[in-house]
1. Would you list Thr278, Thr118 from the most to the least accessible area, probe 1.4 Å?
2. So, taking all protein chains as they sit and a 1.4 Å probe, how much accessible area belongs to Glu167, in Å² rounded to tens?
3. Give me D for the chain in µm² s⁻¹, whole number, from Stokes-Einstein with Rh from the Kirkwood sum over alpha-carbon pairs, 25 °C and 0.890 mPa s.
4. Could you list which residues have their amide H under 5 Å from that of Val180, counting only those 5 or more apart in sequence or on another chain, with H placed in the peptide plane?
5. Give the shape of segment 239-289 as rounded, prolate or oblate, defined through the alpha-carbon gyration tensor: a ≥ b ≥ c are the square roots of its eigenvalues, a/c under 1.5 means rounded, and otherwise the shape is prolate if a/b is larger than b/c and oblate if not.
6. Based on the Kirkwood radius over alpha-carbon pairs, what is the Stokes-Einstein translational diffusion coefficient of segment 168-225 at 20 °C with 1.002 mPa s viscosity, in µm²/s?
7. Can you give me the solvent accessible area of Ser100 with a 1.4 Å probe, rounded to the nearest 10 Å²?
8. From the phi of every residue in segment 69-79, what ³J(HN,Hα) in whole Hz does the Karplus formula 6.51 cos²θ - 1.76 cosθ + 1.60 yield, where θ is phi - 60° and glycine or proline is x?
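The values are calculated or read from the model by the stated rules, or taken from the named source; none is laboratory data. Please read all numbers here as calculations on a predicted model, not as lab measurements. All Cβ positions, glycine included, derive from the backbone under ideal geometry; neighbour counts span all protein chains shown. Side chains included, ligands, DNA and RNA excluded: accessible areas come from the protein's heavy atoms. Shrake-Rupley method; radii C 1.70, N 1.55, O 1.52, S 1.80 Å.
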Amino acid sequence: MPCIRIVAAIAALAAASTPAGAQDWPIRPVTMVYPFAAGSAADAFGRMFASRLSEILSQQVIFENVSGAGGMIGSNRVAKAAPDGYQFVLGGTFVVLNQSLYKNPLYNVATDFAPVMTILDSPIALVMRKDLPASNLPEFIAYAKANQAKMQYGSGGVASMPHLACELLNAAIGIKITHVPYRGGGPLMQDLISGRIDYFCGFPSNVIGQIESGTVKAVAIFSKTRLPVLPNLPTAHEQGLADFEITAWYAFFLPKATPAPIVQKLREATIATMRTPTVEEKLKLLGYTLVAPERRSSEYLQKLVEAEIKRWAAAIRAAEITPQ
């Protein structure tokens, strides 16, 4: 009998320490904030996740675009929201970039959020004009070293991840190339197809159509393994650039101090969404890779955030980008 009383007391104490409503969450619609405008590939998979999460949680998950300041406006809204689980943000590499790109960022991603889990990766690919005389990474490196004074590479904007990825690539192979920033991917792709710029480092999800049609060519993917959607595109590692990996990641974050039962329930629902066959297939077609099971814990995401802040701060300094 004493043992039964002790167990009952422990259970009662645990229940008392859990905020009211946490165990029953969600009892009303939940908002997933994506801190950029509609239209991107990430926007597409975010909406897909919101739809499936609505089914799993038996409450509507509203997908809302809240853009501005490189993703800080929407992310900050979630950071400052009540820690009750009814707002969470679809974050990613951009949330750690902002820690170094702004002198006074609106939040500290390492301390102002409750990390839920990492969801998927989107590796960077080296894509070039179709008539550049290189058919693989070693040939590109040789050509770039011999012609770097007259070459140009593009990106969708200064301090964007594709810009920084190309800076990391250039540093790794020992070249200095002129950067041409564009206001978005559309004008960049037009100039790459027409041959006005030589290459860029971009997300496969944005260029699969052009690669398959032959209007541009890709020679390397900066991930550990090849992408199922581009099985003939070798990794940089396969082509002699050992351990060179640049991958954007996406994750869910709740406001700091969100009760653990809510964090865990959202994590479990996210994993169930990832295991949905139709979701898996669509993500593959978009060029995304679901993270391995060992990378799906809140603890892993916290460590990833802390490591990525340091990594990208170094890349931003190397690119001589002045914080705004």
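1. Thr278, Thr118
2. 50
3. 116
4. Under 5 Å from the amide H of Val180 lie the amide H atoms of Tyr153, Gly154, Ser155, each far enough along the sequence or on another chain.
5. Taking the square roots of the gyration eigenvalues as a ≥ b ≥ c, segment 239-289 is oblate.
6. Answer from the Stokes-Einstein relation: 168 µm²/s.
7. 30
8. Listing the rounded values in order: 6, x, x, 6, 5, x, 4, 5, 4, 6, 4 Hz.
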